[in-house]
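Down below is the structure, laid out as structure tokens.
The values are calculated or read from the model by the stated rules, or taken from the named source; none is laboratory data. This one's a predicted model, so the numbers in the text were calculated from it and none came from an experiment. Here the Cβ positions follow ideal geometry from the backbone for every residue, glycine too, while neighbour counts run over all protein chains shown. Quick note on the areas: whole protein, heavy atoms, side chains included, nothing else; ligands and nucleic acids left out. Shrake-Rupley method; radii C 1.70, N 1.55, O 1.52, S 1.80 Å.
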Amino acid sequence: MALDPAPTSLRDRKKRQTRDALATAALRLVAERGLEQVTVEDISAAADVSSRTFFNYFPSKDDALLGDHMVDSDRFTARLAQVPPAVPALAAVRAALSEVIDDMQADRERWLLRMAVVERNPALLPRLVAAGTEAERAVTAAVAARVGVPPEHGFPVLVTTVTGAAFRTAMLRWAAAGGARSLSDLVDEAFDALAAGLPDPSPAH
């Protein structure tokens, strides 16, 4: 059963629009000029807001670039908890990712731009890795709770690691195709391969 979306006020929608405008401006400018050649003032001007307004939404330039880059772990674990208990962990994780994937596909151009910016600016990678580690801890705890074992048990860590790798692989293939292929289909392919035990592909593929 899906969570009912919370109603949003006009003020909330305007705040989200401003946040989105700042993130998009940051990504476009860094894609054009490089990370070191873009300032908070540049980003603010491109989004038609003040630098003070920028800091109401993001602590730094890097946050504007990567603030929405990871799956929201709270949202994901809430979805995971709603998947019926009889569903195996691997399939449950895939089901919990469905809404996230839909959102990414709906915002395809910005996601593809974000991935290109990260690839071209390796200085962003440590921040990306740190955020990913925090998210993995939350997912591991959620998987452990689901299957009834402690978080330090090997199974939850393994599920989190392999499904994270499958999701990242699908995202990289999606980006390589310029978003022409369905991210959902690519994620399905990766999870199906995991479920099958990673058999060798046939030469035709």
Any residue in the stretch 72-86 that is within 20 Å of residue 37 (Cα to Cα) and of a type outside the set (S, T, N, Q)?
no
Residues of the stretch 54-76 being at pLDDT 90 or above and more than 21 Å from residue 108 (Cα to Cα), which ones?
54, 55, 56, 57, 58, 59, 60, 61
I need a count of the residues in the stretch 131-161 that are hydrophobic (A, V, I, L, M, F, W, C) and open to solvent by 70 Å² or more (accessible area, probe 1.4 Å).
3
Helices (runs of 4 or more DSSP H) completely within the stretch 51-130 that count 3 or more residues being touching a helix residue (DSSP H, G or I) at 6+ places or on another chain (Cβ under 6 Å) and buried (at least 18 other Cβ atoms within 10 Å of the Cβ):
61-66, 73-82, 89-106, 108-120
Take residue 166 and decide whether it is exposed (fewer than 14 other Cβ atoms within 10 Å of the Cβ) and under 19 Å from the mean Cα position of the chain (by Cα).
no
Suppose we keep only residues that are outside any loop (DSSP other than H, G, I, E, B) and aliphatic (A, V, I, L, M) within the stretch 169-189. Which one would you say is surrounded by the fewest Cβ atoms within 10 Å (Cβ to Cβ)?
176
